[in-house]
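Take a look at the structure below.
The values are calculated or read from the model by the stated rules, or taken from the named source; none is laboratory data. Remember, it's a predicted structure, so these values are computed and weren't measured experimentally. Reconstructed Cβ throughout: ideal geometry from the backbone, glycine too, with neighbour counts over all protein chains shown. Areas reflect the complete protein model, heavy atoms only, side chains present, ligands, DNA and RNA absent. Shrake-Rupley method; radii C 1.70, N 1.55, O 1.52, S 1.80 Å.
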Amino acid sequence: MTSTYRVQLTPEFGFRELADLVGYLRDLGVGHLYLSPILQSVRDSQHGYDVIDHSRVRDEFGGQKGLLALAGQGMGIIVDIVPNHMTVPTPESENAPLWSVVREGPDSPYANWFDLTWPVDLPVLGDDPELVVDGSVLRYHDHEFPVRAGTEGLPLHELLVEQHYRLVSWRDSPGYRRFFDVSSLIGLRAEDPEVFDATHEVVLSLVADGVIDGLRVDHPDGLADPRGYLRRLRERAPGPLWVEKILMDGERLPADWDCDGTTGYDALNMVTRLFVDPASRDKLVRTFTRHTGLPDDYEAVKYEGKKMVLDLFFRGEVDRLAACLGEPGLRDALVELLAAMPVYRAYVNPGEEPDEEATRVIQSAAWEAAGHADPAAVARVAQLVLRGPAEAVTRFQQTCGPVMAKGVEDTALYRWFPLACLNEVGGEPDRFGVSAAEFHAFCAEMRATTMTTLSTHDTKRSEDVRARLAVLSEIPDVWAEAVESWAGAVRFDPTLDYLGWQMLMAAWPISPARFTKYLLKAAREAKTSISWQNREQGYETGVREFAAQAIELCGYSVASFTAVVDRYARVNSLGQKVIQLMMPGVPDVYQGNEITDFSLVDPDNRRPVDFERRRELLKTGEDSWDGQKLLVTTTALKLRKRLAPDLPYVPIDTGEHAVAFARGDQAVAVATRLPYRLERGGGWTHETLRLPPGSWLDLLTGAEHTGLIPMAHLLSRYPVAILERNTR
């Protein structure tokens, strides 16, 4: 496995359209296609994670026939699978297993599929609960629910009592485990062998037939037993197997997980930090607090975000978990322990002695939580979730992930943003930069088989948006003056505006419609003025007016500022691309990001890709930022095909403004970092880099180098170098 190219399939871009691209991707140097979920989901789904039928390949993509035709093009295929949940569609009858469960209750052959309690609370009702009985179906607007056999003729109020479900307010918690706070996604019990077999039959048969080479597992932390699940999956999927596991700083993938590694957010955050100047931290935080009025303490914001979502979204989950503990009076302590958890999950298996790492994580969280609740109660909860009832142990871990995801990813990261390129999935926005030595130490511990990435369908902003934002860390004073000028012309909500100015610059040029959509999502996620549950028309009108006025009144100035930033952002963009493609691991390229892409959070980053533009660039070799990034990408991807995947990572000494490493004795990668300060300091002057013994060919320029070489010479044409041992 040399590399992957992630493609977001949609009803408009299915297997046939992708098959037409295989020639281009092969010329680009791509090793394997990496597809978003392919099983049948809601008909108009643009992402595919809302599966309704595991028994067939999605019709809108071309079905199994279309998939086989794509595989016939000769490029290997990796597929994203979703074992943790199905969707609760509208109408509900489109999910046959769920329909059976709510119709037949515990007697349904699918009753063991879902993690639920009887009768099942279904949160769908709005302010006008006008229900209509239509024979054997109960209708509410576009929703429909089965009527239990033998109850069809009852008056409505009596009929409702006789069902295996209860219709409740859409704001209430559902009677089932869900994906994060999304009530339209119902948790599956993949730990049950029958459920596993039924929901994996099609995918694993495609693996057995050689149509699919490997798998990417979505959200394993939501499963009751990730370790057991991966062992069962590996028995029938011996090829590459990656998990979408978010590792926080210093966290490591559990050693007993039978997989090849993560999907690369840990690598993404390390590469991003490498291009951030840590010396700017205090200035950027001061600018942020001055414009927003928010605190300078990220940990406090993170704690508040977790506590808010625990109260706003997860009351039902906490109530069920508290009941599982088996002892009264522990709910407040449980809430505080959940809020204090520093990672998405501590891996404890019921009936087994917790390992040192899981014990350390939970005890550390308990120490933190004891400052907010009765210490004795917190200690007792910690003991119970480590060694207590099996259901309590498992449910606690399944709840930690949603609290982290919603409290941190989708709340705190939208509230605390002195430098938004650090606000990424798994990122720590108060960790400003890493040194080359820290990066080398990280790479030294990487698996050769793990995935690396810079952009995904879930990143908060694309790699080139982050490349622009990283430049601000080198010019904090210039940035502060620019924001002061723009904010003087257009103001709306100080808790949102400063994020808006960063995104306006970093995504420029951007239309008012795209900018508005981003700001509305950011405001709803931050939950300081509005949220997804509580929208306020006046505020949202203000967001739209701010977006339009910011572009109209400040667009020229923003464009001028961005033009200056881009002199250095190009260096960052090419540098992070070289590093990601050449560092240990299997590099993934997200669709379209072989050239510049200035997308924001989904659904912005799932827009159609102009592949004709990329095809033409690959032919012409245009010497623009786009052309240079494409050159770097195709050069590195083709080189990776000639290299053994497990070549040692060998750091090469450089000064502050570069990072360099060798892959065994076969290849060398060099990238410029902190380019603005480099330029202000007079450039490379007398700085040199010593190449490993032998003759080396720079694949980007065709130049040959040996021994000690001036950096000004090595990087005279491009701010990066990709060298291969010259065997001629």
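Which residue out of Val203, Val207 is surrounded by 18 or more Cβ atoms within 10 Å (Cβ to Cβ), without any contact (Cβ under 8 Å) to a residue 40 or more places away in the chain and either of a type outside the set (D, E, K, R) or not in a helix (DSSP H, G or I) (or both)? Give the derivation first.
On the way: Val203 fails: without any contact (Cβ under 8 Å) to a residue 40 or more places away in the chain.
Only one candidate passes the filter, namely Val207.
Mind checking whether some residue in segment 90-104 is assigned to a loop (DSSP other than H, G, I, E, B), touching a Phe, Trp or Tyr at 6+ places or on another chain (Cβ under 8 Å) and under 23 Å from Gly222 (Cα atoms)? Checking segment 90-104: not a single residue is assigned to a loop (DSSP other than H, G, I, E, B), touching a Phe, Trp or Tyr at 6+ places or on another chain (Cβ under 8 Å) and under 23 Å from Gly222 (Cα atoms). Taking Leu268, is it of a type outside the set (Gly, Ala, Ser), crowded, with 19+ Cβ neighbours inside 10 Å, under 16 Å from Gly427 (Cα atoms) and touching a strand residue (DSSP E or B) at 6+ places or on another chain (Cβ under 7 Å)? So Leu268 does not fit the description; no.
Of all the numbered requirements in (1) open to solvent by 20 Å² or more (accessible area, probe 1.4 Å); (2) touching a residue at least 12 places away in the same chain (Cβ under 8 Å), Val478 misses one, and that requirement is (2).
Are any of the residues in segment 604-616 under 23 Å from Ser455 (Cβ atoms) and assigned to a strand (DSSP E or B)? Step through it out loud before you land on a result.
Residues of segment 604-616 under 23 Å from Ser455 (Cβ atoms): 604-616.
From what is left, the residues that are assigned to a strand (DSSP E or B) are none.
Among the residues of segment 604-616, not one is under 23 Å from Ser455 (Cβ atoms) and assigned to a strand (DSSP E or B), which makes the answer no.
Does any residue of segment 457-472 turn out to be surrounded by fewer than 22 Cβ atoms within 10 Å (Cβ to Cβ) and in a loop (DSSP other than H, G, I, E, B)? Yes, segment 457-472 has at least one match.
Residues that are of a type in the set (Gly, Ala, Ser) and open to solvent by 20 Å² or more (accessible area, probe 1.4 Å) within segment 20-30 comprise just one, Gly23.
Considering segment 521-551, and only residues there that are farther than 22 Å from Trp170 by Cα and among the polar types (S, T, N, Q), the residue that is least open to solvent (accessible area, probe 1.4 Å) turns out to be Thr541.
Please indicate, with yes or no, whether at least one residue in segment 58-71 is within 22 Å of the chain's Cα centre (by Cα), within 24 Å of Leu185 (Cα to Cα), modelled with pLDDT of 95 or more and not small (Gly, Ala, Ser). Steps first, answer last, please.
Looking only at segment 58-71, we keep the residues that are within 22 Å of the chain's Cα centre (by Cα), and these are none.
No, that holds for no residue.
Asn349 meets the conditions (1) part of a helix (DSSP H, G or I); (2) open to solvent by 20 Å² or more (accessible area, probe 1.4 Å) in every case but one. The failed one is (1). At least 3 residues being more than 14 Å from Val57 (Cβ to Cβ) is the threshold, and among the strands (runs of 3 or more DSSP E) wholly inside segment 1-44 those reaching it are 4-7, 32-35. For Ile77, the criteria (1) over 23 Å from Gly316 (Cα atoms); (2) assigned to a helix (DSSP H, G or I) hold in every case but one, which is (2). Is one or more of the residues making up segment 59-72 in contact (Cβ under 8 Å) with a residue 24 or more places away in the chain, assigned to a loop (DSSP other than H, G, I, E, B) and open to solvent by less than 10 Å² (accessible area, probe 1.4 Å)? For segment 59-72, residues in contact (Cβ under 8 Å) with a residue 24 or more places away in the chain, assigned to a loop (DSSP other than H, G, I, E, B) and open to solvent by less than 10 Å² (accessible area, probe 1.4 Å): absent.
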